[in-house]
Amino acid sequence: MAYKTVTAEEAVKVIKSGDRIHLSSVAVTPHALIRAMVERGRNKEFENVRIQHIHTEGPAPYAEAEFEGIFQLESFFVGANVRKATQAGYADYIPVFLSETQKLIRQGYLKVNVAMVQVSPPDKHGFVSLGTSVDATLAAIETADVVIAQVNKFVPRAWGDAMISIKEIDYFVEHDEQLYIHNNAPLSETERAIGRNVAALVEDGACLQMGIGGIPNAVLAELGNHKDLGVHTEMFSDGILPLVEKGVVNGKRKQIDKGKMVASFLMGSQALYDFIDDNPEVAMMDVGHTNGIQVIRKNHKVTAINSALSVDITGQVCADSIGTTHYSGVGGQIDFIRGAGHSEGGKPIIAMPSITSKGVSKISPTLMEGAGVVTTRSNMHWLVTEYGAINLYGKTLQDRARAIISVAHPDHREMLDKAAFERFGSHYHFVSGK
């Protein structure tokens, strides 16, 4: 279907001082539009422009110190490309559950003036697709004063909420460029051990939520003999594809979106993007649907696999900061911990290595001063390390400490035992039996 195009430079002329800009995220970050916007900022054509997004891939020049007073980044999740700027104070972060990012936009807490997105070329019916990321971008499109779309032939034509009419778009900018690719690193022995321990908890007919990285891929690699798994997640990556090909993932036992793999954003290889292209078995949905607790809980046996930076001996989980140094974000962890906890037969799981790459225990007597508690001790169910899997739900503080210490690295168990003894008193018996 025909549509009128402009250059990126012409389109971004609508941006004015004080505006809030929403950027589509992850693999479909609209870099052609960003470059044109940043050039206007470099020429000091406006000031105090606020930028929001979940996490983006590729350069994020608007977060750099040179643009102080011109751009202010307020991200919903701190990705690697803006981490240093955020830690230095040049960029900032909005603490929010991923499920509620769309709520902040739709209910006017964050008024979007300009939505800058990336889409597939229109089909014969006049619809484009948001491709690999719907997340909170659909809400921004619905509420923005102006919508600018980078039309890119490399954006896959994903179904679900990703499909929008060209009538929703004010400016079209044609610019083709490959989407960002994420290739999986080889699995470590620790990741493989964690993968085996988590996979042992996954039942046939379970509905999976997982992210990207070594631990999710290690879990998926161990599920080849399972049956009738479903997917309802905020994101998935390449590790799921072999299970789809084998028929292990088919969604037959899901209570909602039966037979469909549901996600809000994706990142991975070109094979992943090719897989979702024009595939009716994949539904790319608004984050209010993928991460809404009231939606998640409708499926049975929701098995939610999330990770952490550290856990204390009572089960408090830090996943967003290292002490007071902000590292990532709340993301969808609590959405799925709670959703799986309310699911019939559900299993909320926190899976992590017992130590850091430097040998520091990720299980500690207390969280570091200033550390963010993402999952509270009362929300905790399963904790998995390479040394085993333990269920904390319904356990007392002292029983939790014993269980948690049992899956800590052996080099650190005595230290943790002593800390538990000091905390709980002489009636507490060391895990070591002393």
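The values are calculated or read from the model by the stated rules, or taken from the named source; none is laboratory data. What you are looking at is a predicted structure, and each value in this text was computed from that prediction instead of being measured. Note that we place each Cβ from the backbone using ideal geometry, even for glycine, and neighbour counts take in every protein chain shown.
Worth a mention:
Each row is one residue, and each column tells you yes or no for (1) within 17 Å of the chain's Cα centre (by Cα); (2) among the small types (Gly, Ala, Ser); (3) outside the structural domain of Ala371 (by TED's automatic domain parsing); (4) within 17 Å of Thr325 (Cα to Cα).
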{"position": "Glu57", "(1), (2), (3), (4)": "yes, no, yes, no"}
{"position": "Ala60", "(1), (2), (3), (4)": "no, yes, yes, no"}
{"position": "Ala80", "(1), (2), (3), (4)": "yes, yes, yes, yes"}
{"position": "Gly89", "(1), (2), (3), (4)": "no, yes, yes, yes"}
{"position": "Val119", "(1), (2), (3), (4)": "no, no, yes, no"}
{"position": "Asp123", "(1), (2), (3), (4)": "no, no, yes, no"}
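- Candidates Gln107, Gln72, filtered to the one that is touching a strand residue (DSSP E or B) at 6+ places or on another chain (Cβ under 8 Å) and of a type outside the set (A, V, I, L, M, F, W, C): Gln72
- Some residue of region 225-233 being touching a Leu at 6+ places or on another chain (Cβ under 9 Å), within 20 Å of Ser269 (Cα to Cα), outside the structural domain of Leu98 (by TED's automatic domain parsing) and modelled with pLDDT under 95: no
- Filter result for the condition that a residue is more than 13 Å from Ile54 (Cα to Cα), β-branched (Val, Ile, Thr) and at pLDDT 95 or above, over Ile105, Ile141: Ile141
- Residue within region 362-383 that is on the phi > 0 side of the Ramachandran plot and outside any strand (DSSP E or B) present: yes
- Output for region 254-295, where each listed residue is within 15 Å of Met210 (Cα to Cα) and small (Gly, Ala, Ser): Ala263, Ser264, Gly268
- Any hit, region 193-200, residues being among the charged types (D, E, K, R), touching a residue at least 12 places away in the same chain (Cβ under 8 Å), surrounded by fewer than 18 Cβ atoms within 10 Å (Cβ to Cβ) and touching a strand residue (DSSP E or B) at 6+ places or on another chain (Cβ under 6 Å): no
- Criterion (modelled with pLDDT of 95 or more, out of contact with any Gly (no Cβ under 6 Å at 6 or more places or on another chain) and over 20 Å from Asn299 (Cα atoms)) met by exactly one of Val155, Val198, Val173: Val173
- Selection from region 270-329 of residues that are in contact with a Pro (Cβ under 9 Å, 6 or more places away or on another chain) and of a type in the set (Val, Ile, Thr): Ile276, Val302, Thr303, Ile305, Ile313
- The conditions of being part of a strand (DSSP E or B), in contact with a Phe, Trp or Tyr (Cβ under 6 Å, 6 or more places away or on another chain) and at pLDDT 95 or above are met by Gln209.
- Residues (of a type in the set (Val, Ile, Thr) and under 20 Å from Val202 (Cβ atoms)) located in region 376-413: Val384, Thr385, Ile390, Val407
- Scanning region 343-360 for residues that are of a type in the set (Gly, Ala, Ser), part of a loop (DSSP other than H, G, I, E, B) and either closer than 18 Å to Ile215 by Cα or free of Cβ contacts under 8 Å to residues at least 60 places away in the same chain (or both) yields Gly346, Ser354, Ser357, Gly359.
- Some residue of region 284-292 being of a type outside the set (A, V, I, L, M) and in contact with a strand residue (DSSP E or B) (Cβ under 8 Å, 6 or more places away or on another chain): yes
- Of the listed requirements (1) aromatic (Phe, Trp, Tyr); (2) in contact with a His (Cβ under 8 Å, 6 or more places away or on another chain); (3) not assigned by TED's automatic domain parsing to the domain that holds Val147, Phe76 misses just one: (3).
- Ile355 meets the conditions (1) surrounded by fewer than 22 Cβ atoms within 10 Å (Cβ to Cβ); (2) farther than 24 Å from Phe421 by Cα; (3) aliphatic (A, V, I, L, M) in every case but one. The failed one is (2).
- Going through (1) part of a loop (DSSP other than H, G, I, E, B); (2) of a type in the set (D, E, K, R); (3) more than 30 Å from Ile215 (Cβ to Cβ) one by one, Lys167 falls short only on (1).
- Arg413 satisfies every condition listed in (1) in contact (Cβ under 8 Å) with a residue 24 or more places away in the chain; (2) buried (at least 18 other Cβ atoms within 10 Å of the Cβ); (3) touching a helix residue (DSSP H, G or I) at 6+ places or on another chain (Cβ under 6 Å) except (1).
- Lone unmet requirement of (1) under 18 Å from Ile276 (Cβ atoms); (2) buried (at least 24 other Cβ atoms within 10 Å of the Cβ) for Asp123: (2)
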